[in-house]
1. Of the residues in segment 144-181, how many are touching a Leu at 6+ places or on another chain (Cβ under 6 Å) and closer than 23 Å to ALA256 by Cβ?
2. Being polar (S, T, N, Q) and modelled with pLDDT of 95 or more is the filter here; which residues of segment 16-41 pass it?
3. Of TYR113, TYR123, TYR160, which residue is touching a residue at least 60 places away in the same chain (Cβ under 8 Å), crowded, with 16+ Cβ neighbours inside 10 Å and assigned to a helix (DSSP H, G or I)?
4. Taking the residues in segment 332-386 that are surrounded by fewer than 18 Cβ atoms within 10 Å (Cβ to Cβ) and of a type in the set (Gly, Ala, Ser) as candidates, determine which candidate is farthest from TYR310 (Cα to Cα).
5. Report, by residue number, each residue of segment 1-50 that is part of a strand (DSSP E or B) and aliphatic (A, V, I, L, M).
6. Restrict the check to segment 577-585 and report whether at least one residue is hydroxyl-bearing (Ser, Thr, Tyr), surrounded by fewer than 21 Cβ atoms within 10 Å (Cβ to Cβ), under 30 Å from GLY125 (Cα atoms) and free of Cβ contacts under 8 Å to residues at least 60 places away in the same chain.
7. Those residues that are under 22 Å from GLU190 (Cβ atoms), in contact (Cβ under 8 Å) with a residue 40 or more places away in the chain and crowded, with 19+ Cβ neighbours inside 10 Å, I need them from segment 126-157; list them, please.
8. Inside segment 609-625, can you point out the residues that are loosely packed, with under 14 Cβ neighbours inside 10 Å and either closer than 16 Å to LEU547 by Cα or more than 32 Å from the chain's Cα centre (by Cα) (or both)?
Amino acid sequence: MTKGKYYITTAIVYTSGKPHIGNTYEAVLADSIARFMRMTGHDVYYMTGTDEHGQKIQDKAAEAGVHPKAFVDGIAAEIKRIWNIMGSSHDKFIRTTDAEHEKTVQRIFDKLYEQGDIYEGIYEGWYCTPCESFWTETQLLDGKCPDCSREVQKAREESYFFKLSKYQDRLMKHIEENPHFIQPESRKNEMINNFLKPGLQDLCVSRTSFDWGVPVSFNNKHVIYVWIDALSNYITGLGYDPDGNHGELFKKYWPADVHLIGKDILRFHTIYWPIMLMALGIELPKQIFGHPWLNMGAGKMSKSKGNVMYADDLVDFFGVDAIRYFVLHETPFAQDGAITYELIIERINSDLANILGNLVNRTVTMVNKYFDGVVQKPEEFEEIDKELIEMALAAPGLVEEKMKELRVSDSLDAIFTLLRRSNKYIDETLPWVLGKDESRKGRLAAVLYNLLESIRVAAVLLQPFMPETAAGMLLQLNTKQNSWESLAEFNGIKVGDSVGKAEILFARIDAEKKLAEIDSTMKKSIDIPVEAEVDYIIMEDFAKVKLKTAKILEVDQVKGTDKLLKLKVDLGTEIRQIISGIATDYSKESLVGRTVVIVANLMPIKLRGELSEGMILAAEDENGLSIVTIDKEATPGSPVR
């Protein structure tokens, strides 16, 4: 019997690059919560996905020499692959380039505009491209972005604005009346004191300086900015309809029970998003949980710093469940966690090999050794058994209590407390001594039964967090008693059944050898280029690409960028402008007068507010970029075959 619906989401991942383990942690956290809620009888809908529009993505696509859609298709596929590797059990993977999402976003914008909550104006201030955030002069810290400390660019453009200020008092009232709306408590205080009390400014919700986004339906000079586009995924993915003709999923699962997000995007989810929902007349989510970060040692994980780890690499080195356990256990409720290879090895050896793996292995081995693998009826109980049995019966309630508060690390601690107690129980009862005395076989039967049943309880409870390991434990016990309901009594292991073969779940790791292996592998992955699998095309495919010669007439730097150059090129019959990310490899002066090869029929796009009408061909290796030229003079516009 279901206990009711439960809708959980992650923040959608920005498709600017491959997600590191710090990003992946959120998907593992959400998955463990979703699995636990399913196990305890809830009707769960778990949604995750990707955020695929914006200036940063358009710039990165230009640097890569591909259309933004092709760029995000590749990154989204990589994110899906990693989520699958980590065992994510999501019900829906939404992409903001999904046609239905884009259509609904336009209609949401239209509705807010028609009711007067969006108005047209001019934005003037400072813009941070990595954060996709606008800032006033007073909000900058030492002249840089207050969120990421990167450089900002002066910006002035026509924009539409959303009336945040209109709903400020109503949001403050909601937060005060719903103390668990923002969790943890420290995050709530941060939002109130740093943003709501000082007063909200109206929010810029459209851009005209680039075009990789959802167009405003009634003014195609504008694309809808990230806040309305990305945040609304939580309702568009369920079939929300601005006219009230909602899909069945929206009717069933909204409001969300929890939006799981990183603490760095709390402002957007606890201020912008609730106010947007208020303006649309939609019930607010029940809770927004800003989880802490998983840091690389003592510092924040950052690709720009080069101190990142990737989930697929870690799985290759240590296995899926070892990494799931580590990231869930080492990131407490309201405190940042830390990850290093040394810490992972230490935790695997101490918790997974010594406490869990050793317990299962020696218990199953003893049942096979002393009773030919057959579970005996426990009859000779002693006082020492009571504590273990009571702890096993109490464990589900403790875990459920912690999971209601999203204290996943504490839930794992409760399970491993039972495993530790089981190991201590072995030391107290000395089953190998009992096995030498035929008259104590009845007592041995009880001891081994208590151990088998305690391991079963732990295995059932571990299913949401370490699904493969839990399945392996239950397989060695040879029991299908793996439901939440089966934990109500201490009798899931059936007398007369046979246990399976003892297997090593987690072997101890030689730290020195493993670190040397990791070092060698990572160096090879950097030093040795990986040849992509050949994806053959036919001549008709190649004929679709129109390559032509073009003579470079003028070159200027694109304002506010280090890599982008604006080139005027002569194609014989016309002059075109091309934006190219080659500034770090070529000076402006060295390019003027050269004849290059361009893709002449590439769809024009805007990059940093500048129109790009083609793409210059270039080769890339460890030494940088080398543009494709021709070895003798050719008339501009000549076809290249």
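1. 4
2. If the condition is that a residue be polar (S, T, N, Q) and modelled with pLDDT of 95 or more, then THR24, SER32, THR40 are the ones that fit.
3. Within the list TYR113, TYR123, TYR160, the selection yields TYR113.
4. For segment 332-386, the residue satisfying everything is GLY373.
5. Passing the criteria: ILE8, VAL13, VAL44, MET47.
6. Among the residues of segment 577-585, at least one is hydroxyl-bearing (Ser, Thr, Tyr), surrounded by fewer than 21 Cβ atoms within 10 Å (Cβ to Cβ), under 30 Å from GLY125 (Cα atoms) and free of Cβ contacts under 8 Å to residues at least 60 places away in the same chain, which makes the answer yes.
7. GLU132, PHE134
8. ALA619, ASN623
The values are calculated or read from the model by the stated rules, or taken from the named source; none is laboratory data. The structure presented is a predicted model; accordingly, all values stated were derived computationally and were not measured. Please note: Cβ atoms are built from the backbone with ideal geometry, for glycine as well, and neighbour counts cover all protein chains shown.
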